[in-house]
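Working notes, beginning with the structure itself.
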């Protein structure tokens, strides 16, 4: 795959690029993290890179939803639109917190937040917390998995 070739060629910069893309389109970053951990890259640098790229990517998804997709997906039923807005205002923060852990569909949550005109400051805070938790969790779990795999293969 071209994206993983980018990662192998550019290392941490490739991971940064993939982490931005993975927040807009469903591209897994875990393969890249495993490769970087395998070659001895500092886990702290990997975590910081994942966090920065993921937050930038989610913000791009939010802006795409807010300024572009909102024009393409008009509601025909104004009552239903108000109901959807009310539910997103009530449960949107929870959706954004768990969305990074939901494969494929979770990548759409920032776009939905943008379409729903979710408050941008609140979006940035919630998605940042979610991406920090996921990045630390993924790197930690993959480090443990690599360690376990090495013990298993001996």
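The values are calculated or read from the model by the stated rules, or taken from the named source; none is laboratory data. Worth saying up front: this structure is predicted, and the values here are computed from it rather than measured. In this analysis, Cβ positions are derived from the backbone assuming ideal geometry, glycine residues included, and neighbour counts consider all displayed protein chains.
Return the residue satisfying two criteria in turn: it lies in the stretch 101-125 and is touching a helix residue (DSSP H, G or I) at 6+ places or on another chain (Cβ under 6 Å) and farther than 15 Å from residue 22 by Cβ, and of such residues it is surrounded by the fewest Cβ atoms within 10 Å (Cβ to Cβ).
That would be 116.
Looking at the stretch 126-139, can you tell me whether even one residue there is under 14 Å from residue 28 (Cβ atoms) and surrounded by fewer than 18 Cβ atoms within 10 Å (Cβ to Cβ)?
For the stretch 126-139, residues under 14 Å from residue 28 (Cβ atoms) and surrounded by fewer than 18 Cβ atoms within 10 Å (Cβ to Cβ): absent.
Can you confirm whether the stretch 92-114 contains a residue that is at pLDDT below 85 and farther than 23 Å from residue 136 by Cα?
So far as the stretch 92-114 goes, no, none of its residues is at pLDDT below 85 and farther than 23 Å from residue 136 by Cα.
Scan the stretch 64-82 and tell me whether some residue there is farther than 16 Å from residue 115 by Cα, out of contact with any helix residue (DSSP H, G or I) (no Cβ under 7 Å at 6 or more places or on another chain) and without any contact (Cβ under 8 Å) to a residue 60 or more places away in the chain.
The answer is yes; a qualifying residue exists.
Residues of the stretch 65-79 being part of a helix (DSSP H, G or I), modelled with pLDDT under 70 and surrounded by 10 or more Cβ atoms within 10 Å (Cβ to Cβ), which ones?
Scanning the stretch 65-79 gives a single hit, 70.
Taking the stretch 37-63 as the search range and keeping residues that are part of a helix (DSSP H, G or I) and at pLDDT below 90, which one is nearest to residue 141 (Cα to Cα)?
Across the stretch 37-63, the extreme among qualifying residues is 37.
Please find, within the stretch 20-35, the residue that is nearest to residue 129 (Cα to Cα) out of those that are assigned to a helix (DSSP H, G or I) and at pLDDT below 90.
Filtering first and then ranking leaves 22.
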